C-alpha cells in the first residue's frame, strides 16, 4: 500500500526527476523469488517480511531493514460463517479444528500459531492446512476445508462481504499485537544493502522520504479510505473497487496507525522470537540489520517531529 501510494501521489516521480533515474516497481511471484533477486543484485530494494530477512542477516549477508511499512503481520483471523453463532470470537472454541494458512514459515502460519497459543491451545493438536498462497484461502474456506483461516486483509474482507466467513480476531491492533506477540511487530519492510546505500546515500534517503510521506498520508486520512483510494494508481483501482478497498482498509488501518517507519529495539527482539517460532534459528543479528538513520532523517527532511521511540536508535 505504501509503495503504491508513493507512486500514485507522485512521490516516486519526484525522486526520479531529481536523480534522473527510473524506479521500476516489480511484483515478485513469491518471497523466495524476491529474495533471490535481491541477493542476486538484480533488484536494489526489496519489500519483504522480517521473517525472511532475519536468517540471511544473522549469517552476515549484506541486508538491512531501512523502513517499516506497517506493524503487525497483516493477517486477520476469519472463521467459517457456520460457526459464527456457536463460536463467535472465542478462539479457544476452535480447538481441534482445521486451521488454514498459506505456507510454512509465512506470516499467516506464524499468526495462526501465536493466536492459538494466546487462546491456550496446543498447536500440535490442531489440524493445520497449508493452502499455498493467499489466493487459495477464500476458495478453500468456501468448499468447507477451513474452519478458521489466517487471511490477508483483502481475502478477509472478501470472505466477510460474501458471507463465507466472519471476523474472529484482528491481530493488527496494537493491543492485540502486544498480547499475542509480546510487542509490536515490524510488518513489511524495505530491504537494502550497505553496498547500495553507502554508494547512493542521497538516493536512498529520497526513497525513504517518499515512503514516509506515504505512511503519513495514510495516517492523516485513516478515517477516510475514499481519500486514500483516490490517490492509488490506476493499476490498483482497475482491479479493486472503492467498496472492496474500504472493507479491507478497515481491517488493515491499525497496523498503519501504530507505525513510525522505524524499528525499536523491543520490536527487533520480538521479531527474532517470532522468526524462531517458525524455524528461523536466529540467535542474534548485527546492529545494522535494523537501520533507523534514514527514517530519522526523513522526519527531519519533512519537518515532522521524530517519534521519541526512534530518537538516536
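Things to note:
- Screening the candidates 89, 111 for the property of being more than 17 Å from the chain's Cα centre (by Cα) and closer than 23 Å to residue 255 by Cα yields one hit, 89.
- Residue match in region 131-148 (condition: surrounded by fewer than 15 Cβ atoms within 10 Å (Cβ to Cβ), part of a helix (DSSP H, G or I) and in contact with a helix residue (DSSP H, G or I) (Cβ under 7 Å, 6 or more places away or on another chain)): no
- Count of region 12-21 residues, restricted to those that are over 21 Å from the mean Cα position of the chain (by Cα), part of a helix (DSSP H, G or I) and in contact (Cβ under 8 Å) with a residue 12 or more places away in the chain, is 4.
- Some residue of region 161-179 being part of a helix (DSSP H, G or I) and over 27 Å from residue 262 (Cβ atoms): yes
- Matching residues, region 32-49, being touching a residue at least 60 places away in the same chain (Cβ under 8 Å) and part of a helix (DSSP H, G or I): 38
- Residue in region 17-26 that is surrounded by fewer than 18 Cβ atoms within 10 Å (Cβ to Cβ), at pLDDT below 95 and closer than 21 Å to residue 252 by Cβ present: yes
The values are calculated or read from the model by the stated rules, or taken from the named source; none is laboratory data. Treat the numbers as computed from the prediction; the structure is a model and nothing was measured. When we count neighbours, we look across all protein chains shown, and the Cβ atoms used for this are built from the backbone with ideal geometry, even at glycine.
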